Amino acid sequence: MRIPCPYCGLRDAHEFSYLGDAAPQRPDPAAPDAADAFHDYVYLRDNPAGPMRELWYHGAGCRRWLVVDRDTRTHAILGTAFATEARS
Amino acid sequence: MTRFVDGGLIDRTRPLAFTFDGQAYRGFAGDTLASALTANGVRLIGRSFKYHRPRGLFSAGSDEPNALVELRTGARREPNTRATTVELYDGLDAASQNRWPSLDFDLQAAGGLFAPLLGAGFYYKTFMWPAALWEKLYEPVIRRAAGLGRAAEAPDPDAYEKAYAFCDVLVIGGGAAGLMAALTAGRSGARVILVDEDFRLGGRILSEREEIDDAPSLQFVARAEAELAAMPEVRVMRRTTVFGVYDGGTYGALERVGDHLPVPAPFTPRQRYWKIVARRAVLCAGAGDRPIVFGGNDRPGVMSAQALRSYAVRYAAAAGSPAVVFANNGYAWSAAFDAAAAGVPIAAIVDVRAEPPPVQMERANRRGIRVIAGGEVIATSGKLLSSVTVRARGRTETIAAQILAVSGGSSPTLALTSHFGGKPVYRADIAGFVPGVLPPGLSVAGAAAGEYSLARCLAAGAARGAEAANDLGFTARATPVPQAQDKPITVSPFWHVAQSRGLAFVDLQNDVTAKDIAIAHQEGFRAVELLKRYTTLGMATDQGRTSNVNGLAMMAALTGQDIETTGTTLFRPPFTPVAIGAIAGHHREKDFRATRPTPTHAWARAQGATFVEAGLWLRAQYFPRAGEADWLETVKREVTATRASVGLIDVSTFGKIDLQGPDVGRFLDRVYINTFSTLAVGKVRYGVMLREDGMVMDDGTTARLADTHYLMTTTTANAAKVYQHLEFCLQVLWPDLDVQIASVSEQWAQVSIAGPRARDVLARIADAPLDVSNAGLPYMGVAQGSVMGGIAARIFRVSFSGELGYEIAVPARHGAPLARALMEAGAPFDITPYGTEALGVMRIEKGHVSGNELNGQTSVADLGLGRMASTKKDHIGRVLSERPAFRDPDRPTLVGFKPVDPKDRLRAGAHFLRHGRSAVLANDEGYMTSVAFSPTLGHWIGLGLLARGPERIGETVRAYDPVRGADIPVEICRPGFVDPEGERLRV
Ligand SMILES: [Zn+2]
């Protein structure tokens, strides 16, 4: 599998490390339901068959965190973006 | 008589000597081991997997199920090589396998003793037998009976390589279709890689007497090779097998660089493991000849019709005479005609079809070959085939024959198309499976797509090659295509002679018989994937290339379903076996992974240091001196000298992360449990960071070098992990923070000196105006300046040992000179270099936690660091670290231990039990994490995690260590055995 890094270009997947679903957002730690919200944030993950937005880290390249749209059934990469921009 | 006087693609001017089972033979350059054995009349080549039945050659290619041999001797011995793909070289030494005492006479086959044990499902059924007999009886018996070759017992002396290649169009297979695909794409200017597993391009053209453009087809191959060789963007890789298709247009391939030589040429590997990234690929892998299942179909001399043709035409050899052909299709007839023309007498063609096509009958008549239409082979005889019994139109006849050439039709070689999950599709008109949904970017041409005639192979290769190139923006033309025969496919589906005598084998390699298919059906294992696992049909080196279709067709007949509904199993990589050595490449033994020497490595080695691996790093473990009995004595000396005067250790392996920007303080407040925004410039603070789940992730000191400039240190083990975590926090969680970070672990060498005379040593190398007095550089301070006459340095007054200590950082290239300068400056104080063992002893004496305690399962409270956490701010891991279970007072918590009897030795890993309680899990109260012999105290000490530990100081518990047979009373004490108030640090 190869991932098109927006900075480095098309690179072998071995240069990246995988974190997982990009959807969970770190909850507000001051909110009254913070304990439950953090539990969901840390432990609960969907496992979709199909397109998924994921976080990958280009550790052996530009060291940028990327949001990668990947089809989990085919490993087709549908798009990539810097995490800083994709989530702000 | 077995090698014809002329013909064949062998070089009769280059004879090669070789041995098989110790017997000397001769072949020629251009032979395979299989063709050379054939030319020498050797018909018995191996014994079968389970039943030790005598076996000969079945095929002439990589789909060979029978002829597995051990190649070479000693450390280079390689089991299970297919004689059909081994290129002959002078001095080749091969041996048959899976036989005892000899290939000709095998005791286990003679008895047939174990056959009843080994039928369908034996892997599963045997587990149901009485367990008591399993280890001593069944397993050894089955292991001895069912087996293949022996692996070499010495390390492989050869090298293996990994390599990468990139191209526009990858063409897999160099036969008629592949050559046309490569030519067509190559002519357009596309970068083309053409791979073929054979040592010679041409595919089936090499084995068939055909014409292309009204000339012998070999001339076409020669012209194509020459044109490809002249194209600068085309690379032809012979002896290379594409074994797998992966994501993103990546293809795995194995190049046999030196397998055709006695030993690889100097400075070349034996094999090269390729990752080929191709924008498009064209699969031109051809097709394989399929057997027919009948009684006695495994006798040496029974082979595929196309193998008979290949040995006769390409290698000018036949292992006997005459041959009988048994088939259901016209392609087998053309094989018989070619073999006859090359010199093999054909006694008869037996065809299951009652009325073969007249055009074929006419061709046979013209050659004077007898045809038995509507016939079936029902038995064979001879240890090596001597006759076949044929039944036709109600009467039987026995025909003398040393070769029985069988063909049940062609099976497209489509395994690679399945690697992405594409299911092969059955085509009744050709009685075979063709590729289904293809992997992205891959197309199929020629026989691999069920397009069998030579004309169609050439045209389809050109068309697919042109499409691939045009897809990528090149301009390729698929015409003109060379002219060749376009004979139609004539085949009548036929799988199994039900009324025949003797064991009828479906899978020759795994000894799966027609009866095993019937048992699987009876016992309910009818789905093809279950059939495969239950009977082992289609497993091992040939991956069922000659057996799958017959097996599932027979299951279809038993269930009454059609073949389309029954379907076929999926193929997975690798297509042919790949040696583990090739996958490992150079990554073996010492080169398994990189080794990182520290900046002072050479210096430490010169001091006689023993080294220890710490992640990728090699660190000095201790520095033994002459006369010291063991490492313990050495470590005692190093600790004592350091605590009495001064010691030195390289700490460059700690992770170092440079952080700059106006928001660094705020950022550190969020990643550490304690506060760093308030840290004064010129000060250092110890910090602990958590994972978001509340467990401790790492610890270390962070210094504030300037208002907007901090320097963090991490543990050696977690340097990369912490760096990645910080980038995650900055880029994903808080992109609004203005912070830049960079790893500077490699850029700085760092040497620690510790002990009451440390300042005296430091003062001797510090350049003015650097003030290293207690007032100028107090405990937990950092100073920047220079040492050794102008070398930029950062000096951190920190301590892991509990002594007055400094860590001196200089640019990495000055690390070894720094160590030497400190040794020289420390000589008047007997400065002592020490290693990680002494460091470990001193930190346990001091009660500091380290990797054994920061094990991913401990909270700050568990480690006695709970009070460090700031309650005024949020930080990573805060919310979940406040969960009730983290606050459970029964959680094992860090305390110190000493043996009640000072002579007792403590062991890390020992579990704590209250006196009088039995040693069961329910009574477990925690365990010892770290132990050391304390030279300072004169007995063993330990750290451990104990339920309610801090409330139980002075109590004694059992340290129970069943693994090493220890069970001793230990006293619970506070961690911090030496200088608990930390007075030595501040002097
Ligand atoms: Zn990148």
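The values are calculated or read from the model by the stated rules, or taken from the named source; none is laboratory data. Source: prediction; values computed, not measured. Note: ideal-geometry Cβ built from the backbone for every residue, glycine included; neighbour counts use all protein chains shown. Surface accessibility is based on the protein's heavy atoms, side chains included, excluding ligands, DNA and RNA. Shrake-Rupley method; radii C 1.70, N 1.55, O 1.52, S 1.80 Å.
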Cα-Cα over 19 Å, subset of B:K50/B:K515; B:K656/B:K873; B:K590/B:K721; B:K656/B:K721: B:K656/B:K873; B:K590/B:K721
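Order B:544-554, B:186-196, B:739-749, B:170-180 from most to least packed using the mean count of other Cβ atoms within 10 Å.
Numbers: B:544-554: 26.2, B:186-196: 24.6, B:739-749: 16.8, B:170-180: 31.6.
Result, highest mean first: B:170-180, B:544-554, B:186-196, B:739-749.
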With the other protein chains left in place, how much accessible area per residue, in square angstrom, belongs to the range B:506-590 at a 1.4 angstrom probe? 40
Would you calculate, for chain B, the mean residue ellipticity at 222 nm contributed by helices, counting each DSSP H stretch of 4 or more residues as -39,500 (n - 2.57) and dividing by all residues, to the nearest 500? -6000 deg cm²/dmol
Report the antiparallel proportion of the DSSP beta bridges in the range B:343-482 as a percent, rounded to a multiple of 5. 85
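Can you tell me the convex hull volume per residue for chain B, based on C-alpha atoms, in Å³ to the nearest whole number?
230
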Just the number, please: percent antiparallel of the DSSP beta bridges in chain B, rounded to the nearest 5. 75
Chymotrypsin sites (Phe, Trp or Tyr not before Pro) in the range B:535-614 lying in a DSSP loop, each with at most 11 other Cβ atoms within 10 Å of its Cβ, come to B:F592
Using DSSP, restrict attention to beta bridges with both residues in the protein assembly as shown and report what percent are antiparallel, rounded to the nearest 5. 75
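Please compute the length gained on full extension between B:R370 and B:T490, using 0.36 nm multiplied by the number of residues separating them and subtracting their Cα-Cα distance.
This chain segment gains 41.3 nm when fully extended.
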Förster-model FRET efficiency, 60 Å R0, A:A49 and B:A827, C-beta, rounded to 0.05: 0.30
Quick one: check the C-alpha center-to-center distance for the range B:590-661 versus the range B:854-871, whole angstrom. 29
Residues with beta-carbon under 12 Å from that of B:N674, excluding B:N674: net charge, scoring Lys, Arg +1 and Asp, Glu -1? +4
Interchain or sequence-distant (5+) residues whose placed amide H lies within less than 5 Å of the amide H of B:D198 are B:R239, B:T240
In nm, spacing of pseudo-spin labels at B:D738 and B:S381 (7 Å Cα→C-beta vector): 9.9
FRET efficiency for A:A81 and A:H39, Cβ-Cβ distance as r, R0 = 25 Å, nearest 0.05? 0.30
Mind giving me the FRET efficiency for B:R395 and B:A518? R0 is 30 Å, r the Cβ-Cβ distance, nearest 0.05 is fine. 0.60
Pop out the ³J(HN,Hα) list for the range B:259-268 in order, Karplus 6.51 cos²θ - 1.76 cosθ + 1.60 with θ = phi - 60°, rounded to Hz; leave Gly and Pro as x. 5, 8, 10, x, 9, x, 4, x, 6, 10
Once the in-chain neighbours fewer than 8 apart are removed, the lysines whose Cα is under 23 Å from B:K275 read B:K162
Per residue of A:12-19, count partner chain C-beta atoms within 10 Å of its C-beta, then hand back the mean as an integer. 2
I'd like to check one number: the per residue accessible area of the range B:655-743, probe 1.4 Å, reported in Å² as a whole number. 31
Any chance you could list P(r) for chain A, counting all Cα-Cα pairs in 10 angstrom bins from zero, rounded to whole %? 17, 43, 29, 10, 1
Average Cα contact separation per residue, the range B:506-590, under 8 Å, 6 or more apart, as relative contact order %: 29
Point-to-point label distance, B:L261-B:R363, nm (Cα→Cβ direction, 7 Å offset): 4.3
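Run the numbers on the range B:580-656 and let me know its relative contact order in percent, using alpha-carbon pairs under 8 Å that are six or more apart. Could the numbers behind the result be given before it?
Values: 61 pairs, mean separation 17.2, N = 77.
Contact order relative to length: 22 percent.
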For the range B:14-112, which chymotrypsin sites (Phe, Trp or Tyr not before Pro) are both in a DSSP coil and crowded by at most 12 other Cβ atoms within 10 Å? B:F105
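Roughly what % of Cα-Cα distances in the range B:291-408 sit above 17 Å, to the whole percent?
When every Cα pair of the range B:291-408 is considered, 47 percent fall beyond 17 Å.
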Using protein heavy atoms only (no ligands, DNA or RNA), what is the total accessible area buried between B and A, 1.4 Å probe, nearest 100 Å²? 2200
Give me the percent relative contact order of the range B:691-734, please, defined on Cα pairs under 8 angstrom at least 6 residues apart. 27
Quick numbers on the protein assembly as shown, Rg and Dmax over C-alpha atoms in Å, give 37.0, 115
For the range B:1-47, with all protein chains present and a 1.4 Å probe, just round the carbon and sulfur fraction of the accessible area to a whole percent. 53
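For B:D707 and B:T565 in the same chain, what is the full-extension length gain: residue separation times 0.36 nm, less their Cα-Cα distance, in nm?
Length gained between B:D707 and B:T565: 43.7 nm.
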With each pseudo-label sitting 7 Å past Cα toward Cβ, what's the B:R572-B:R666 distance in nm, one decimal? 5.1
At 1.4 Å probe radius, can you tell me the per residue accessible area of the range B:919-972 in Å²? 42
What percent of all Cα-Cα pairs in the range B:506-590 falls into each 5 Å bin, going from 0 up to the bin containing the maximum distance? 3, 15, 24, 20, 12, 8, 5, 5, 4, 2, 1, 0
Per-residue ³J(HN,Hα) for the range B:650-666, Karplus 6.51 cos²θ - 1.76 cosθ + 1.60, θ = phi - 60°, Hz, x for Gly and Pro: 7, 10, 5, 6, 4, x, 10, 10, 8, 10, 9, x, x, 9, 4, x, 4
Add +1 for every Lys or Arg and -1 for every Asp or Glu among the other residues with Cβ under 12 Å from the Cβ of A:E15, and state the total. +3
To make sure I understand the rule: partners must be aspartates and glutamates, Cα under 18 Å from the Cα of B:K383, and not fewer than 8 residues away in the same chain. Which ones qualify? B:D104, B:D106, B:D298, B:D511
